[in-house]
Amino acid sequence: MIRLVLRTQLNALCKLRERALDWSDPEGVHDMRVLSRRMRSAISDFQSHLQKPGLPVRKLRTIARTLGTVRDEDVALAALEELKTRAPEDMIEGIDNLLEDRRGRQAAARAELMKVISTTAIQQFRREFQTQIRTLATVKPKLAPGQIIVEAPLTLRQVGVKAIGSRLKDFRASVRSIYFPFAIEEIHDLRIMAKRLRYAVELFRFCWGEDLNEIAKEIATLQTSLGELHDCDVWMAYLGKRLKRAVSKDAPGEDLKVRAGYMWLLRQFSKQRTSHYRDALAQWQRWESKGFLDELKSIMK
């Protein structure tokens, strides 16, 4: 079953290559990026049950990172274009300045992606991954001399209990950071823990049925709020650096209209961040009142 899951994900990932390189539809990059993350999460969930040598995760990590860079620029440009439609006329120059900068970054990221998932590169990655999948072996229990195994082999459901339990433990350890709205790094870590928990639940949900489908949707909602919050943090840091550089005595200042556009954007992302934080906090409060995490834990028994 582990081989089947990884082989299915590998084939689906490689099939997305052409869509990811179709610049007319940015969702191709998004879909391939998400699947690359799911593969990395699945490998991590299975890792404790597998003997070495491991799978080519370094190449998978490179693919995921490069896709992520392109996706970040696609999302950034879409956000700026949308905000530009609502911005006062005297703020447009600053937004156009940023659009020009991000388009340059997007072009560079796309050029790198074309190399990383070229036809030759993706075929080589696929062959190497398939070879490693065929030779996968599960960890064998250590036996005393003369001892005989009497237990049945692990089922995929038992593997899922361990994987989801581990992800749940990590999430619980991080969740208190939600009470500190400006603990930026800690809240970012919480988003990652939520994403990993969601991926584990979705990976093994067919072992339990409909119960886990609804739980996965709940986790996805929280992950989305935390993700949008993190995006605002990234934007605010980016704009802060641009403004700091613009007024620095050691660097040439930018036009006042450009700086005004930056500050207008900073206000917009600050407002959005507050809204996303309130959404995440409200959902966590509902989870606490309903015993949501305890419900998940009880299903895993």
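Computed quantities for the displayed model
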quantity	calculated
The range 1-23: number of residues that are over 18 Å from Arg126 (Cα atoms) and modelled with pLDDT under 95	1
Test: residue in the range 121-129 that is acidic (Asp, Glu), crowded, with 17+ Cβ neighbours inside 10 Å and on the phi < 0 side of the Ramachandran plot	no
Members of the range 118-137 that are β-branched (Val, Ile, Thr) and modelled with pLDDT under 95	Thr131, Ile133, Thr135
Residue check, Arg198 in contact (Cβ under 8 Å) with a residue 12 or more places away in the chain, part of a helix (DSSP H, G or I) and either surrounded by fewer than 20 Cβ atoms within 10 Å (Cβ to Cβ) or among the acidic types (Asp, Glu) (or both)	no
Sole residue being under 23 Å from the mean Cα position of the chain (by Cα) and modelled with pLDDT under 95, chosen from Lys140, Lys162, Lys115	Lys162
Positions within the range 82-114 being free of Cβ contacts under 8 Å to residues at least 24 places away in the same chain and open to solvent by 70 Å² or more (accessible area, probe 1.4 Å), in sequence order	Glu82, Thr85, Arg86, Glu89, Glu100
Residues located in the range 199-222, provided they are within 18 Å of the chain's Cα centre (by Cα) and farther than 16 Å from Lys301 by Cα	Tyr199, Glu202, Leu203, Ala216, Lys217, Glu218, Ile219, Ala220, Thr221, Leu222
Selected residue (criterion: farthest from Met114 (Cα to Cα)) from residues of the range 1-36 that are touching a helix residue (DSSP H, G or I) at 6+ places or on another chain (Cβ under 6 Å) and open to solvent by 60 Å² or more (accessible area, probe 1.4 Å)	Met1
Pair list, Cβ under 7 Å, 6 or more apart: the range 29-51 residue without any contact (Cβ under 8 Å) to a residue 24 or more places away in the chain, other residue assigned to a helix (DSSP H, G or I)	Asp31/Arg19
Options Lys257, Lys241: the member that is outside any loop (DSSP other than H, G, I, E, B), of a type outside the set (Ser, Thr, Tyr) and over 17 Å from Glu93 (Cβ atoms)	Lys241
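The values are calculated or read from the model by the stated rules, or taken from the named source; none is laboratory data. Keep in mind it's a predicted model, so treat the numbers as computed, not measured. Virtual Cβ from ideal backbone geometry, glycine too; neighbours counted across all protein chains shown. Side chains included, ligands, DNA and RNA excluded: accessible areas come from the protein's heavy atoms. Shrake-Rupley method; radii C 1.70, N 1.55, O 1.52, S 1.80 Å.
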